[in-house]
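Student: Pasting a structure below so you can have a look.
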Amino acid sequence: MTLFPAHCARDALQGFDEQMILSIQPEETVRSFVARTLFIKGKHSSEEVFRKFPKNRALRADILLIAEMQGWIGCYGFNKMLHKHTNYPLNEVFKNIQDISYSRGEYVGHSYCYGSNRTPAGFCPICVAEDIKRLGFSFWRRAHCCELKVCAEHNVELVKRCPRCDEPFCHGGHDLNVMWTTCKGLHLKDSPVMLNTDLVELKKAQVFAEILSATHHLSEEAVLAVLDEKIHQDDNLKLRILDSRYDQPLGDTIKWRLEIVKGARFKNRLPHRENTDFIIQAVLGIYEKFSDFVIDVKAYGDEIRPIESLWSTYISGYQESTHFVEENYDQGVGVWCCPFPARDSLRMWDWRPVYYPCCSFERPKRKGPQPKPERVKNAPPGVHRRK
Ligand SMILES: [Zn+2]
Ligand SMILES: [Zn+2]
């Protein structure tokens, strides 16, 4: 009888080093990491943050605690976890040039959900077998736990239902632990391999993989301008109606958003957040390779910012302008700034960029009553100091 490597790992840990914190693997989902920790260490000897991690909706505080367990602290750690271990980059890699934060105000907000157990997980049998050979165990990968149907690396169909009992890997079906056990004697690494023949699905998987592993942000305006120009050379694509909430041809959706983004830049006001499905659809329709698209976007001339350079910063408020706080872990302080003071439509304001040493946004002098400062309701989060 062969023991599965995960069992070996668990046996080795029992009574040996229960204080050890496991490491999240590259591309592993947060949910997989939590489930794997609980499985290996056992529910009773696992840290409380793993035991209390919600089964249904993971919120900001849950992600923050898991990031801290890896030693990734503050806003930087929160964004690092989002960028490397969730599918969040699909929405954030195309970034407004006036947004200097990775995840806007989500570090201090509450509403966004970072994955739930109702989203079906999936796996590539070859990746699973290779992980076991390489590491001694396997895990759930983020690109295989979204809408994709194909493994970008091996061009095989992702398995989204148990080959033995046909249950999905989500609420109501198998839980993630099936990765480290078996279903009626079948280990997932021994699932049948189905070669993919759909080239569109393969290209989509490859583009997703490029976005997920992006090291630099692409300016949203540059992205839209490049797509707008290309799409008007191709009527087929321009008039395509997406199967989504945009009830208009793809060409119109791109033009509509481009105008909003350009107008917002002129006024120094961040535009509303928009789903990026239509951008990805257009890239897939126009380009053979994501790298060719990146070359065109770079030629537009907007700054290409390293993604990590935005991880420490969050949006602290939207008054007339967008306010940011950058956490400085050497000093243990948050540095407030307002790099793009909004232009008023009547142009009554001075819109030269200014940085202030403290949190007092200087208002223009006007006649009549002056606005009074307001006491903030919630204190901003404390900033960690690197020891
Ligand atoms: Zn694979
Ligand atoms: Zn099963």
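The values are calculated or read from the model by the stated rules, or taken from the named source; none is laboratory data. What you are looking at is a predicted structure, and each value in this text was computed from that prediction instead of being measured. Glycine gets a Cβ as well: all are built from the backbone with ideal geometry, and neighbour counts include every protein chain shown.
Student: When only residues in region 130-160 that are small (Gly, Ala, Ser), farther than 18 Å from Thr197 by Cα and buried (at least 18 other Cβ atoms within 10 Å of the Cβ) count, which is farthest from the chain's Cα centre (by Cα)?
Tutor: It comes out as Ser138.
Student: Hey, any hits in region 100-120 for a residue that's in a loop (DSSP other than H, G, I, E, B), farther than 29 Å from Leu258 by Cβ, touching a residue at least 24 places away in the same chain (Cβ under 8 Å) and basic (Lys, Arg)?
Tutor: Checked against the condition, which is being in a loop (DSSP other than H, G, I, E, B), farther than 29 Å from Leu258 by Cβ, touching a residue at least 24 places away in the same chain (Cβ under 8 Å) and basic (Lys, Arg), region 100-120 yields at least one hit.
Student: When region 184-219 is examined, which residues are found to be within 16 Å of ligand 2 (Cβ to nearest atom) and either aliphatic (A, V, I, L, M) or in the same structural domain as Pro26 (by TED's automatic domain parsing) (or both)?
Tutor: Within region 184-219, Leu186, Leu188 meet the criteria.
Student: Is it fair to say Val30 is at pLDDT 95 or above and closer than 13 Å to Met81 by Cβ?
Tutor: Considered against the rule, which asks whether it is at pLDDT 95 or above and closer than 13 Å to Met81 by Cβ, Val30 comes out as yes.
Student: Another one. Go through region 179-199 residue by residue and tally those that are in contact with a helix residue (DSSP H, G or I) (Cβ under 7 Å, 6 or more places away or on another chain) and of a type outside the set (Lys, Arg).
Tutor: 6
Student: Based on this model, can you work out whether Cys151 counts as within 16 Å of ligand 2 (Cβ to nearest atom) and farther than 13 Å from Leu188 by Cα?
Tutor: no
Student: Checking Ile97 against (1) hydrophobic (A, V, I, L, M, F, W, C); (2) surrounded by fewer than 22 Cβ atoms within 10 Å (Cβ to Cβ); (3) within 16 Å of ligand 2 (Cβ to nearest atom), only one condition comes out false. Which one?
Tutor: (3)
Student: Next question. Tell me, yes or no, whether region 166-181 has at least one residue that is within 13 Å of ligand 1 (Cβ to nearest atom), in contact with a Cys (Cβ under 8 Å, 6 or more places away or on another chain) and without any contact (Cβ under 8 Å) to a residue 24 or more places away in the chain.
Tutor: There is no residue in region 166-181 that is within 13 Å of ligand 1 (Cβ to nearest atom), in contact with a Cys (Cβ under 8 Å, 6 or more places away or on another chain) and without any contact (Cβ under 8 Å) to a residue 24 or more places away in the chain.
Student: Just one of (1) surrounded by fewer than 20 Cβ atoms within 10 Å (Cβ to Cβ); (2) away from ligand 1 (no atom under 11 Å from the Cβ); (3) not polar (S, T, N, Q) trips up Gly115, so point out which.
Tutor: (1)
Student: Something else about it: Consider region 256-297. How many of its residues are more than 15 Å from Lys230 (Cα to Cα) and touching a residue at least 24 places away in the same chain (Cβ under 8 Å)?
Tutor: 16
Student: So, one more: Within region 133-152, which residues are in contact (Cβ under 8 Å) with a residue 40 or more places away in the chain, within 13 Å of ligand 1 (Cβ to nearest atom), more than 18 Å from Thr86 (Cβ to Cβ) and outside any strand (DSSP E or B)?
Tutor: Matches in region 133-152: Ser138, Lys149, Cys151.
Student: Listed residues Ile295, Ile254, Ile315, Ile260; which is in contact with a strand residue (DSSP E or B) (Cβ under 7 Å, 6 or more places away or on another chain) and either in a helix (DSSP H, G or I) or surrounded by 14 or more Cβ atoms within 10 Å (Cβ to Cβ) (or both)?
Tutor: Every option except Ile315 fails the conditions.
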